[in-house]
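Worksheet: one structure, shown below.
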Amino acid sequence: MSILIDAKSKVIVQGITGRTGLFHARECKAYGTNIVGGVTPGKGGIHVDGIPVFDTMEEAVRVTGGNVSMIFVPPPGAADAILEACEAQVDLVVCITEGVPVTDMVMARQVVADSKTLLVGPNCPGLITPGVCKVGIMPGYIHKPGKIGVVSRSGTLTYEAVKQLTDAGLGQSTCVGIGGDPIIGMKFIDVLQKFNEDPDTEGVLLIGEIGGTAEEEAAAWIKKHMRKPVAAFIAGLTAPPGRRMGHAGAIISGGKGRAEDKIAALNDGGVIVATSPTGMGQAMQKALEQA
Amino acid sequence: MNIHEYQAKDILSTYDVPVPRGRVAVTAEQVERKAKMMGGHCVVKAQIYAGGRGKAGGIQVAHHPEQAREIAKEMFAKRMVTPQTGPEGLKVRRILVEEQIEVGREYYVSIALDRESSRYCLIASAEGGVDIEEVAEHSPEKIHKLLIDPYTGLRSYQARKIALAIGLKGAVAEDCVQFMLNLYRCCIEKDCSQVEINPMVVTKSDWLLALDAKIIFDDNAVFRHWEYHEMQDFSQMDPLEISAAKFDLAYIKLGGDIGCMVNGAGLAMATLDVLKESGGEPANFLDVGGGATQEKVAEAFRIILQDTDVKAIFVNIFGGIMRCDVIANGIIEAAGDSGCTLPIVVRMDGSKVEEGKKLLAESGLNVQTADFLGEGAQLIVAMLKEAEAAEEAE
């Protein structure tokens, strides 16, 4: 079992004929993901690697029965792609694109929130159910099927975490990169809720970073509702305030968003927090043992 | 992206937000001329990319044009240090000369992003002209917030509630409603992540004005506002940060002696954390992007080498899909060109790891490789110490 994506997921790639879109569509397909179609306006009717390309999401969904969309559309059109996927009523939209304007996302997120579609991202690595389905840009080989759920605001730091889990013999149920932007679709709590309900997830590793208060909100939620052990790591303990650390959302401003506060909140919520990024796998092990 | 106060006021006045009359100047002589234009009596305001100017002498009243020139001379001559600039301070290259306003009362108004609700938020307080974060901490009840529905935008009746809540009445309250609606329109149309007016003032003759103004543009939206690029004042930024931005690299100078190059922001932050934990001091944050190319790696390496504080370099690339031989070639290209002899530790993961390691081993550089993050951090700290000890022995 897993959350959000499984063997039945039928994936449509928006922006499939772009360099990045095509590269990752191929990678996902090679991993075993059922890529049923792609969308690139103006290129409807052609096939790439045997995958049919459509002009619109509406047509792609109607013809292929796709229920998951993965977006590689460049920033100016990314919010439009999210809205189009939402209108086509797919279950899940995964927006990989980095650099989507905030005003676009404020609007798009509201539309998504009022629909039945779930959004992961933007500015995220996507998600993977190891050995079954990959809807994202992460390297498949570091993952191993298992019982740990991973949720993270980061990309490559998640790979580091997953590698540590795999090295420690802890496989993963599903790994979700929720994205490093200030305005994103699913947040920590939305994903934690899914893991809480998933019978095959036995523990969760949460990877946060400086900026905003999403980790504090998650900590409060965990304290109240989480029935499974949670371990965590927060990046940016040594980051200077007032500077945007790469991710649009990773900034300590107005005394808010500091790593110390997030760690304290998570500790208070009963979460085992790794003090070093080299100890994420161990923290998860400890959390499982204590449970 | 930051802009100066005078630029923010220019933009706001196109949205019918009232601001004081003012002119910008780049020499002390110009300041004197503009001061004459204002009638002699004026406010001389240093334009820097940081707050806290008032206490640092960056905002001064001049009673006649000659005095304005003297104040300007002083401002241009030294670096301005405020709590937000860091100890090295910022150069003053532009000065705003403004008419002096007879202030009756000061307020705070801003539009900012509220991440929790994923909406823009109107924030206002009757405590203006002071640090709003301190107000939020000590008397949160004095801050009024309104989350703005993206479908409807900010409506007059909503703004009116806020205007009344901060104690405005009658015609001035209605002026404030317009003021707030205009701020919101500006924020959305100009793709701002923040528009802050601190203080907004009611003058002694009951007019509403934005006495100060701060606008931060959303970096992600610069592509649809080409004019923003021209508005940047490069004198306010670190030269290395400017060259990094040209190559789409996120670089922040930090002050230590171990240069860092990492792919991905989260991993880059974690790498700094682990370096500090191992007893090292990172010289910079540098994210080459999740999927770094050979060119980007080479360019990032050159930028690190330009920082003369750097005595050792730690590279941490978790590529996965990326090929390690390509990354190794990028490092060899940049380090080789510059004749770099500094100790380097490269930790990489991805395809073709062995090929990458072999290339580095045969490169003739002072380089070692590591398989794990912690191991790599400890190794570079040890190599740096060794190099320093060797230097002292000489």
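The values are calculated or read from the model by the stated rules, or taken from the named source; none is laboratory data. All values derive from a computational prediction rather than experimental measurement. Using ideal geometry, Cβ is built from the backbone for each residue, glycine included, and neighbour counts are taken over all protein chains shown. Note: areas computed on protein heavy atoms with side chains; ligands, DNA, RNA excluded. Shrake-Rupley method; radii C 1.70, N 1.55, O 1.52, S 1.80 Å.
Numerical summary
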read-out: Chain B, relative contact order [Cα under 8 Å, separation at least 6], %; value: 12
read-out: CD proxy at 222 nm, helix term only [per DSSP H run n ≥ 4: -39500 (n - 2.57); per residue of chain A; nearest 500]; value: -10500 deg cm²/dmol
read-out: Cβ-defined net charge surrounding B:T369, 9 Å radius [Lys, Arg +1; Asp, Glu -1]; value: +1
read-out: Residues along region A:159-174 losing 20 Å² or more of accessible surface when the other protein chains are present rather than the chain by itself (probe 1.4 Å); value: A:Y159, A:E160, A:K163
read-out: Rel. contact order, % - alpha carbon contacts under 8 angstrom, at least six apart, region B:21-100; value: 44
read-out: Environment charge of A:T56, counting only residues whose C-beta is closer than 12 Å and scoring Lys/Arg +1, Asp/Glu -1; value: -4
read-out: Accessible surface of chain B [probe 1.4 Å, protein heavy atoms]: carbon and sulfur percent; value: 50
read-out: Average partner coverage of B:193-199, which counts Cβ from other chains inside 10 Å; value: 1
read-out: Chains A and B together, accessible area buried on both sides, 1.4 angstrom probe, square angstrom; value: 4200
read-out: Using a Förster distance of 22 Å, the FRET efficiency for A:N34-B:S351 (Cβ separation, nearest 0.05); value: 0.35
read-out: Highest to lowest packing among A:97-108, B:107-118, B:381-392, scored as the average C-beta count within 10 Å; value: A:97-108, B:107-118, B:381-392
read-out: Candidate residues A:K223, A:K147: accessible-area rank, largest first, probe 1.4 Å; value: A:K223, A:K147
read-out: Virtual spin-label span in nm between B:K358 and A:H225, 7 Å along Cα→Cβ; value: 5.3
read-out: 27 Å Cα-Cα threshold exceeded, pairs from A:K144/B:K352; B:K36/B:K78; A:K10/A:K187; A:K134/B:K253; A:K223/A:K286; value: A:K134/B:K253
read-out: Neighbourhood charge, 11 Å Cβ-Cβ cut-off, centred on A:G65 and excluding it, Lys, Arg +1 and Asp, Glu -1; value: +3
read-out: Inter-probe distance in nm under a simple model that places probes 7 Å from Cα toward Cβ, at B:F234 and A:E59; value: 4.7
read-out: Contour excess over end-to-end distance, with Cα ends at B:D149 and B:D10 and 0.36 nm allotted per residue; value: 47.3 nm
read-out: At least 30 Å² of accessible area lost relative to the chain alone, listed for region A:224-252 with a 1.4 Å probe; value: A:T238, A:R243, A:R244, A:M245, A:G246
read-out: 222 nm mean residue ellipticity, helices alone, for chain B (DSSP H n ≥ 4; -39,500 (n - 2.57); rounded to 500); value: -12000 deg cm²/dmol
read-out: Sequence ranges B:171-179, B:257-265, B:77-85, ranked by mean other-Cβ count within 10 angstrom, highest first; value: B:257-265, B:171-179, B:77-85
read-out: Computed over region A:142-291, the ratio Rg/Rh where both radii use C-alpha atoms and Rh is Kirkwood; value: 0.94
read-out: Accessible area per residue in Å² at 1.4 Å probe, computed on the protein assembly as shown; value: 40
read-out: Shielding score for B:119-132, defined as the mean number of other chain Cβ atoms within 10 Å; value: 1
read-out: Potential lengthening between B:K36 and B:R224 on full extension [0.36 nm per residue; Cα-Cα distance subtracted]; value: 63.8 nm
read-out: Equivalent ellipsoid semi-axes - Cα gyration tensor, the protein assembly as shown, angstrom; value: 44, 33, 23
read-out: q = 0.15 Å⁻¹: log10 I(q)/I(0) that the Debye formula gives for region B:1-148, counting C-alpha atoms only; value: -0.88
